[in-house]
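First up is the structure itself, then whatever we jot down about it.
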Amino acid sequence: MPQFPMRTVLGGEAVGGLLDQYRDVTPRGTVEFLRRLARQVEGIRMLNVNSTRTGGGVAEILQRLLPLFEELGVKARWEVMAGSEVFYRTTKSFHNALQGTKQRITAEMYEGYLECNRDNAKRLDLDAEVAMIHDPQPAALIDSRPRGAKWIWRCHIDLSTPQPTVWQFLRSYVVRYDAAVFSLPKFAQRLRIPQFLIYPSIDPLSDKNRELTAEAVNRSLQGLGVPWDKPILLQVSRFDRFKDPVGVIEAYRLIKKSHDCRLVLAGGTAADDPEGAAVLAEVREAAGNDPDIHILLLPPTAHLEINALQRAATIVFQKSTREGFGLTVAEAMWKGKPVIGGATGGITVQVIPGETGYTVSSPEGAAFYAKRLLNEPDRLAVMGRQAKEYVRHRFLITRHLQEYLAVIIQLCRGAR
Amino acid sequence: MIEQRAKQPFRFVSCMELREILGKRAMDESRLLEIIEEAPADSIYYHTHSYYLRHPYSQGVFPNDFATWAALHAQDRVLGERLGILDPFEFDDIEQLRVDILTIIDDHLSHLRTIPRSATGEPFEFVRSHVIEADLGLQAWTLREFRETMADVEVGAVYNHVCEARLRKGRLSGDFAGWLSAEDGLGLPDLAAVVVKVGRLGLSLEGMRTRIVRLCDGVLGAPVPDAHRLGR
């Protein structure tokens, strides 16, 4: 991890650190406010626990947040659970069940889950004044909470329609936390503990979101085999039916009748996901031999390529029919692109119709608004600028950090 | 007079809102009425005041969430308009505001044969906020210092000293006007009297900031401030 030397300037505020790199991209006064806010919990020992060090949105944001916590004087640590393949299969079933897909969970699976949590409680250093436990995998660690510590369950998944038996099992652990944090109000459940609302965020300085030169974008596109010779319509998402990639192709065909353009569908590889492979086959069939449709299978590390595609795109789609939060929307908006998204989940709090993009419920709706934007480049440019400003105020990592600090301050009031 | 130094400085304190989901949802206007009746005052406050802290693009059709939900989701424009005209700055406490909201919804429903429901499937989700303050370490002893700091301060401070001060802390004139008029402040009651009214103009926080800075400039005799600092 890079080190950032600190220096002090008038007024006693340190500049030259990691946080100061965010000054130019965040709203006025954000960095000073963060430093002042953090003084209320300076020196506090904070622990984060999740189930993976790399891959996935939780690990990605923790990697970025921890150095910022450190710089603000919060002694933040990150522990990762260890589990057998059976444990991860079980928690994958939990995950699906909690997100509304019916699963069969046996008594042995529940017991295996608890046993793994007990083993990790012995192995991990859980000593901290505040702990943020991420998602269902480590939730049962609450059994081993040190006396006096404040524990927060951070739920990153869509809990709006959970399978009741699985939720009842998990709920018996969640209610013993001091608070829970959800990404949208509709993900919250009936609980007797405070449930805070914190949207996820993007890091404007990460490879996926940092500024790129036109030359770098061009180079990336050449590497991906996508000519940059006409407007690019883009959707970045897994090949999953809920992301409706076939619907995006239908929209493209309606647009193509009047506007020459390319469609890029960029997503992760689906080798270990039988359903993903089936969806990918459907997408390929729908695309046929159209040379202007590009289906890109990118590895999880292709951050710069995704960044370049989003910057090269004229319009970005996220035409999901069901979505958790859908941070790819904020990523595209940060690059000044209007987004046409499905009216579902977190897309509805990111896309403000007529201001930062449009929300739609059909391929026809997506095509209608895309054509309108292609016909009116001035409107497209204004909307793109507004989209970026909106993300600057609502979906950057600095706002996320502020809200995590606020939760800690709220829970620790009177306790320190 | 205008160069006078206050006995006590004005300290700029900013704030942010931590949102707590209450787990109470209304799918129709009748249930909306019931929950408004029993919701904590902090929730009524959140849904009628946090508008000012939000980005202009997400402020919705009307400056309170009840009106916006009625118009957009229950597709009841009449109720939306009747609630939308409510000005939170006309109320001295949140319970008065709650009573007015309840009266408007109750009266409206009494004239309808069917209760409007959310047509979009989106319920009204009740949230309340906890305000977390942070002293910015900035203080002003003179009107000029006040004006300069005001022009550049983090916008949450404007919210804290105008909105929070009034309804949650019971300082009805707001902190800026209070200090401007106070004997141990600057003792400028005329300026304070116009600053009080800024909160009632229906402006965004940036709009309030700009207006207060211009009012200070009027007293200081300074030219209209440079737009790029105030308009960002």
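With only the Cα atoms considered, segment A:288-416 has a convex hull volume of 144 Å³ per residue.
Listed by chain and number, the lysines whose alpha-carbon sits under 26 Å from that of B:Lys7, ignoring those within fewer than 8 places in the same chain, are B:Lys169, B:Lys197.
Restricting segment A:119-191 to trypsin sites (Lys or Arg not before Pro) that sit in a DSSP loop and have at most 10 other Cβ atoms within 10 Å of their own Cβ leaves A:Arg147, A:Arg190.
Placing a pseudo-label 7 Å from each Cα along the Cα-to-Cβ vector at A:Ala214 and A:Thr106 gives an inter-label distance of 6.2 nm. Counts of other chain beta carbons within 10 angstrom of each beta carbon in peptide A:25-34 average 4. Ranked from largest, the principal axis spans of the Cα set of segment B:21-128 equal 34, 28, 27 Å. Hey, how much of the P(r) for chain B falls beyond 25 Å, as a percent of Cα pairs? Summing the P(r) of chain B above 25 Å gives 44 percent of all pairs. With axes computed from alpha carbons, what is the tilt in degrees of helix B:94-110 against the longest principal axis of chain B, rounded to the nearest 10 within 0 to 90? For helix B:94-110, the angle is close to 30 degrees. Label segment A:143-196 by shape, choosing from rounded, prolate and oblate, from the square roots a ≥ b ≥ c of the eigenvalues of the Cα gyration tensor; if a/c is under 1.5 it is rounded, and otherwise prolate applies when a/b is larger than b/c, oblate when it is not. Oblate, because a/c is 1.5 or more while a/b does not exceed b/c.
Each residue of segment B:113-128 is assigned a 3J(HN,Hα), and the resulting list reads 8, 10, 7, x, 10, 4, 8, 9, x, 8, x, 7, 9, 7, 10, 10 Hz, derived from the Karplus form 6.51 cos²θ - 1.76 cosθ + 1.60 (θ = phi - 60°), x at Gly and Pro. Here is how the number arises for chain B: DSSP H runs of 4 or more residues each give -39500 (n - 2.57), the sum is divided by the residue count, and the result at 222 nm is -13000 deg cm²/dmol.
Centroid-to-centroid, using Cα positions, segment B:1-41 and segment A:79-114 are 41 Å apart. Entry note, chain A: relative contact order of 14 percent, from Cα contacts under 8 Å with a spacing of 6+ residues. Taking amide H as placed 1.01 Å from N in the peptide plane, the amide H of A:Gly342 sits under 5 Å from that of A:Gln318, A:Lys319, A:Ser320, A:Val360, each at least 5 places away or on another chain. Values of log10 I(q)/I(0) for chain A across q = 0.07, 0.08 Å⁻¹ run -0.36, -0.47, by the Debye formula with one identical scatterer at each alpha carbon and no solvent.
Note on segment A:214-394: Cα-Cα pairs beyond 23 Å make up 34% of the total pair count. What's the longest bit of chain A with no exposed GluC sites (Glu not before Pro), using DSSP loop states and at most 11 other Cβ atoms within 10 Å as the test? The reported range is A:212-416. Ellipticity at 222 nm from helices only: DSSP H runs of n ≥ 4 in chain A, each -39500 (n - 2.57), divided by the residue count, give -13000 deg cm²/dmol. If you average the C-alpha positions of segment A:216-233 and of segment A:134-198 separately, how far apart do those two centres end up, in angstrom? Segment A:216-233 and segment A:134-198 have Cα centres spaced 43 Å from each other. Computed over chain A with a Gaussian network model linking Cα atoms closer than 10 Å, the most mobile of A:Ala214, A:Ala180, A:Ala406 is A:Ala214.
For segment B:1-47, what D do you get in µm² per second when you plug the Kirkwood radius from alpha-carbon pairs into Stokes-Einstein at 20 °C and 1.002 mPa s? The estimated diffusion coefficient comes to 147 µm²/s.
Each value in this text was obtained by applying a stated rule to the coordinates, not by laboratory testing. Keep in mind that this is a model prediction, so the values were computed, not measured. For neighbour counting, all protein chains shown are included, and Cβ atoms are generated from backbone atoms with ideal geometry for every residue, glycine included.
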